[in-house]
Amino acid sequence: LAAFFVPTAFTPNGDGKNDVFRPMAIGYRNLNYFRVFNRWGDEVYFGSTLEVGWDGTYKNKMADMGTYFWEISFTDRFGKKGFMKGDVTLIR
């Protein structure tokens, strides 16, 4: 089984600590996508690798403080597709 640890908050303030929101995973073969949305449903981040993550910007500006929603689509090491979703708080 694939296991993901997804933080519940992050602080993209440039201090080098907790500046990027990204899940950590074990036991998966392929990340299909990692998406983050604002409260209006606008996609603020899309990625297909866990090495990068969302830096807290949207349209080249700092995103507002608040709650954002994420989705992860993946394939585990046995070839089974999986999906997870949740929320994260951006703190400035």
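The values are calculated or read from the model by the stated rules, or taken from the named source; none is laboratory data. In this text, all values refer to a predicted model and were calculated from it rather than measured experimentally. Positions of Cβ are generated from backbone atoms using ideal geometry, with glycine treated the same way; all protein chains shown enter the neighbour counts. Each accessible area value is taken on the protein alone, full model and side chains, heavy atoms only, with ligands, DNA and RNA left out. Shrake-Rupley method; radii C 1.70, N 1.55, O 1.52, S 1.80 Å.
Structural remarks
- Residue satisfying all of: in the range 49-64; in a loop (DSSP other than H, G, I, E, B) and surrounded by 12 or more Cβ atoms within 10 Å (Cβ to Cβ); modelled with the lowest pLDDT among these: LEU50
- Among the residues making up the range 1-11, those that are touching a residue at least 40 places away in the same chain (Cβ under 8 Å), open to solvent by less than 80 Å² (accessible area, probe 1.4 Å) and closer than 21 Å to LYS85 by Cβ are ALA2, PHE4, VAL6, PRO7, ALA9, PHE10.
- Annotation note: Cβ proximity below 8 Å between a residue of the range 49-60 that is closer than 18 Å to THR75 by Cα and a residue that is part of a loop (DSSP other than H, G, I, E, B) and open to solvent by 20 Å² or more (accessible area, probe 1.4 Å) (sequence gap 6+ or interchain) occurs for LEU50/ARG22; GLU51/ARG22.
- Summed over the range 18-32, residues that are closer than 14 Å to GLY53 by Cβ and either touching a residue at least 60 places away in the same chain (Cβ under 8 Å) or loosely packed, with under 12 Cβ neighbours inside 10 Å (or both) total 2.
- Residues that are part of a strand (DSSP E or B), at pLDDT below 95 and of a type outside the set (S, T, N, Q), drawn from the range 70-80: PHE74, ASP76
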